[in-house]
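Note sheet for the following structure.
The values are calculated or read from the model by the stated rules, or taken from the named source; none is laboratory data. The structure presented is a predicted model; accordingly, all values stated were derived computationally and were not measured. All Cβ positions, even for glycine, are placed from backbone atoms using ideal geometry, and neighbour counts span all protein chains on display. Accessible surface areas use protein heavy atoms only, side chains included; no ligands, DNA or RNA. Shrake-Rupley method; radii C 1.70, N 1.55, O 1.52, S 1.80 Å.
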Amino acid sequence: MSEKVQFQTNVPIEVALKYDDGKEVTGQYGDQVLYTLTDGRVMYVPPIVKKKIDELGIVRGELFTLTKAEKKSGTRRTIEWVVGANDGGNGKPQTRAQQRNGQVPAQRRGGVSAPANGNSHRPGSTSEGKGFLVTGQGQFLLQALAAAVDVAAATERYAAASGTELQFTSEDLREIGLTIYTRGAK
């Protein structure tokens with residue numbers, strides 16, 4: 001069975017679809033869309049994500065970022081799925097309307113949308129260093145480090161509420177993250 005992508009809130013994940021369309025399925029979390037990724041993993045996402053992928057014109061083999069973002073409004077928390085097209089590195093997702101207005105990402109101008117080497121990224125692109133983050137272990141490390149940040153922030157808030165001053169350093173976060181990573185890899 002293929003490895004399933006686990007989406008942690010507020011952690012962007014870079015993926016590339018193996019096929020242009022996903023398969024609509026119904027599971028324990030209601031209606032979802034199943035996508036197979038170029039690295040062999042699968043992901044289950046709500047139908048709104050399929051709509052956003054279609055709106056951005058993302059095609060198979062094209063790297064894009066998917067984030068399960070938590071939004072807070074007072075005490076209420078909601079989830080918003082953010083889909084960002086690979087846009088040549090300027091950090092801003094392109095919409096189909098922006099593309100029609102002549103602001104087409106560099107990768108799409110030449111009509112090249114699928115990776116030439118079959119491993120989820122284009123040779124010679126600036127994303128060469130991101131290849132590890134597309135793998136399951138890379139995602140797990142990223143999630144472990146993000147969890148370390150979340151744990152430290154929650155602990156600092158708890159300490160402050162208890163009248164204790166506590167502040168984690170980047171070294172502490174690295175140690176916590178690597179501990180989570182190594183214990184989870186066993």
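So here's what we get for this one:
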| quantity | calculated |
| --- | --- |
| Amide hydrogen neighbours beyond the local backbone of Asp39, cut-off 5 Å, H modeled | Ala16 |
| Model label zone, Asp21; criterion: amide N under 19 Å from point 7 Å along Cα-to-beta-carbon; scope segment 42-85 | 43-62 |
| Distance (nanometres) between label positions extended 7 Å along Cα→Cβ at Ser162 and Gln137 | 3.7 nm |
| Cβ crowding within 10 Å averaged over residues, with 1-13, 167-179 ranked highest first | 1-13, 167-179 |
| Probe 1.4 Å - accessible area at Tyr19, Å² to nearest ten | 120 Å² |
| Val149-Lys51 pseudo-label distance in nm [points 7 Å out on the Cα-to-Cβ vector] | 2.9 nm |
| FRET efficiency, 1/(1 + (r/R0)^6) with R0 41 Å, evaluated for Gln28 and Leu173 via beta carbons | 0.75 |
